[in-house]
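What follows is one structure encoded as C-alpha cells, with my remarks underneath.
What follows is calculated from the coordinates using simple rules that are stated; it is not laboratory data. The shown structure was predicted, so the numbers you read here are calculated from the model rather than taken from an experiment. FYI the Cβ positions are ideal-geometry reconstructions off the backbone, even for glycines, and counts take in every protein chain you see.
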Amino acid sequence: MAIEKTKKADIKGKSRFYFEVSLALSLLLLVGAFKFFPDFEQEQLEIKADEEIVKIEDIENTRQENRPPPPPRPPIPIEAPSDDALEDIDISSEFDLTEEVSAPKEPPAMEKPPEEEEEIFFEVVEDPPEIVGGLKAIQDDVVYPELAKRAGIEGTVVVIAYVDKTGKVTRAEVAKGIGGGCDEAAVEAVMKNNFKPGMQRGKPVNVKVAIPIRFRLN
C-alpha cells in the first residue's frame with residue numbers, strides 16, 4: 001500500500017512562504033540599520049610623498065631682429081657722350097674679284113728633340129766583366145753599419161752592377177737585401193770600384209753582373 005504525504009509533512013509546499021518572510025525580515029533589518037546607524041567611521045590612510053619643487057621659468061619670446069639692408073652697389077660709371085661731332089668715315093666695300101691672291105705660307109716645321117736611346121746591358125757574354133782587385137777590393141770598401149752591428153744582423157747582400165764599355169759602374173741596385181743599412185753600404189762599395197769591361201766577339205759591351213757581398217760579425 002502506497003504511503004501518501006500529509007499537508008503538514010510537505011515542506012516544499014511552504015518553501016515559498018518561508019522565502020518571502022525571510023526576504024521581508026532582511027529588508028526590515030537593512031532599513032533599521034541605515035536608520036539607527038547612519039554614520040560609519042572610515043579609516044583614513046595617509047600617503048606621504050616627497051614634494052618636488054618645480055620651477056617654471058618664463059621663456060622670453062624670441063623675436064627676429066630686422067637686419068640692416070645691404071649697402072647699395074656702387075654706380076657703374078657711364079661715359080658721357082662727347083659734344084664733339086664724330087667725323088664721317090668712308091668704308092669702301094669694293095673688291096677686285098679678278099685679282100690673284102697667293103696662298104699663305106706654311107709654318108715652319110717643329111724640330112723634334114732627339115730621342116735618347118736606352119743603353120742595352122747584356123746578361124750573358126763571352127768574357128764577363130772582372131773586378132779590378134777582385135771581390136776582396138769591394139769587400140774592403142764595405143762599411144759595416146753600426147745599426148746592423150747592434151742588431152746582430154748578418155748575411156749576404158746581392159747587388160746588380162751595371163758595367164759600361166769602359167768598365168765603370170753606371171748604377172747599382174739591390175737584388176737581395178738583409179736590411180739594417182747593409183743594403184746601402186753594399187751599393188756604395190760597388191759604386192766605388194772599377195771593372196774590366198765584358199767582351200763579346202772581341203768588342204767591349206755593356207754588361208750587368210751580380211755581386212755577392214757578405215756581412216759577418218767578428
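Using 0.36 nm per residue, how much length does the chain from residue 214 to residue 174 gain when fully extended, once their Cα-Cα distance is taken away?
Fully extending the segment from residue 214 to residue 174 adds 13.1 nm.
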Once the Cβ-Cβ distance between residue 120 and residue 143 is put in as r, and R0 is 30 Å, what FRET efficiency do you end up with, to the nearest 0.05? 0.35
Under Karplus coefficients 6.51, -1.76 and 1.60, residue-wise ³J(HN,Hα) of the range 131-138 in Hz, glycine/proline x: 6, 6, x, x, 5, 5, 5, 6
Take the residue pairs 176/208; 136/203; 168/208 and return only those whose Cα atoms are more than 23 Å apart. 136/203
Please report the equivalent ellipsoid semi-axes of the range 130-215, computed as sqrt(5 x eigenvalue) of the Cα gyration tensor, largest first, in whole Å. 27, 11, 9
Gain on full stretching of the segment that runs from residue 192 to residue 66 - 0.36 nm per residue minus C-alpha separation: 37.3 nm
